[in-house]
Amino acid sequence: MSSKDASKVVGRYAQLAIVQRGDRQGDPEPCDAEWEKFTPAQKVMVDRDGFDAGCRIPA
């Protein structure tokens, strides 16, 4: 599994958290807010494009 594919899974989990709190899936603002919760070390390990692909594209 590539880093981008693994990061897409992380994005899907972020999307799940967004939906569970009642926000709409696929909206960029909640995805950006979830990304900002990551520490700098986490941001190095997670590919942003992969994260966005998992978070912003409705399941």
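Listed values, structure above:
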{"read-out": "Residue tally, condition open to solvent by 30 Å² or more (accessible area, probe 1.4 Å) and closer than 15 Å to ASP5 by Cβ, over region 34-51", "value": "4"}
{"read-out": "Conditions (1) open to solvent by 50 Å² or more (accessible area, probe 1.4 Å); (2) without any contact (Cβ under 8 Å) to a residue 24 or more places away in the chain; (3) part of a helix (DSSP H, G or I); (4) in contact with an Asp or Glu (Cβ under 9 Å, 6 or more places away or on another chain): number failed by ASP23", "value": "(3)"}
{"read-out": "Hits in region 39-52 (condition: more than 11 Å from ALA14 (Cα to Cα) and among the hydrophobic types (A, V, I, L, M, F, W, C))", "value": "ALA41, VAL44, MET45, VAL46"}
{"read-out": "Region 1-11 - residue that is surrounded by fewer than 15 Cβ atoms within 10 Å (Cβ to Cβ) and assigned to a helix (DSSP H, G or I) and, of those, modelled with the lowest pLDDT", "value": "SER3"}
{"read-out": "Criterion violated by CYS31 - all others in (1) of a type outside the set (Phe, Trp, Tyr); (2) more than 21 Å from MET1 (Cα to Cα); (3) at pLDDT 95 or above; (4) open to solvent by 60 Å² or more (accessible area, probe 1.4 Å) satisfied", "value": "(4)"}
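The values are calculated or read from the model by the stated rules, or taken from the named source; none is laboratory data. What you see is a predicted model, and the numbers here were worked out from it, not measured in a lab. No Cβ is skipped: glycine too gets one built from the backbone with ideal geometry, and neighbour counts run over all protein chains shown. SASA here: full protein model, heavy atoms, side chains in, ligands and nucleic acids out. Shrake-Rupley method; radii C 1.70, N 1.55, O 1.52, S 1.80 Å.
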